[in-house]
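Since every read-out is calculated from the coordinates, none of them should be taken as a lab result. Everything numeric here is computed off the predicted structure, so don't read it as measured data. Glycine also receives a Cβ, built like all others from the backbone with ideal geometry; neighbour counts cover every protein chain displayed.
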């Protein structure tokens, strides 16, 4: 991945979809070995993370501390497997390390740890804090005089139930001209939590409207429509105020036995479920690869 993305060489929509499937497959394998963690929460965010790491984010695995990089903050830190998969696939650390998820002595903690894992910008996990930390990073970028850098914060339904998130939303607009404009919040609105649906636990309602009421440039999209995700993310660069992208998603996306179903939060797949999920994802990947090859042959002729 180059330090500065060239739009002409950036992956297209079909290729990004393929990479999202690869990341989902990595997550299933990780959780099957670890026998612990949050799989369905990672799967719902795979399309968003693939779009960010393979196309939108300015980052350089060969130089993780590159001063002009964008920042990605996983506020929904329990979905660490999807971040680890993206980092490993980009070479921040060996792919084999993924099998050390949640193991004592390994560097892939249950929640992201910036002190142990290359590529992790902020340690997260306590819901509601990620947006505040992301705003702080954005303000620091402005103080440093960095040009055209952004901070992308991926949030969950649970983050949006926390008051601290809305304090950050207020502050981001108040300080828009001092760095708040650099902030993009992405809500993985999958409607399921540990104890039931988000609507049952604490209904957060119209997220797009709420962010708009706080002064944010906000849109709502299908969080599994790769073209819509890319368009929404790329539209935020250079904005004059903070931007919010509310992504309607399905928890467990890509694995039929989990998708949109209650009861899988924080539970690893059984060996049987893992085998079934991997077969399903590998069949999807093969189909995507064949389709992509046909498209490329057509472009050559």
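Every helix of 4 or more DSSP H residues in the chain counts as -39500 (n - 2.57), and over all residues that averages to -12500 deg cm²/dmol at 222 nm.
Placing a label point 7 Å from the Cα of residue 104 along the Cα-to-Cβ direction, no residue of the range 116-139 has its backbone N under 14 Å from that point.
Per residue, the Cα convex hull of the range 5-113 amounts to 99 Å³.
When you restrict to C-alpha pairs under 8 Å that are six or more residues apart and normalise by the size of the range 174-240, the relative contact order lands at 32 percent. Annotation: the antiparallel percentage among DSSP beta bridges lying fully within the chain is about 10. Can you tell me how the range 149-266 classifies by the Cα gyration tensor, rounded, prolate or oblate, using a/c under 1.5 as the rounded cut? Here the range 149-266 falls in the oblate category.
Under Stokes-Einstein, with the Kirkwood radius over Cα pairs as Rh, the value for the range 13-300 at 4 °C and 1.567 mPa s is 68 µm²/s. The packing ranking of peptides 34-43, 283-292, highest mean first, is 34-43, 283-292, where packing means the average number of other beta carbon atoms within 10 angstrom of each residue.
Peptide packing for 168-176, 148-156 was compared via the average number of neighbouring C-beta atoms within 10 Å per residue; ordered from the highest value, the list is 148-156, 168-176. Ordering of 91-100, 215-224 by packing is 215-224, 91-100, highest average first (other Cβ atoms within 10 Å, averaged per residue).
Across the range 89-202, the mean sequence separation of Cα contacts (distance under 8 Å, 6 or more residues apart), normalised by length, yields a relative contact order of 21 percent.
For the chain, the relative contact order comes to 22 percent (Cα pairs under 8 Å, sequence separation of at least 6).
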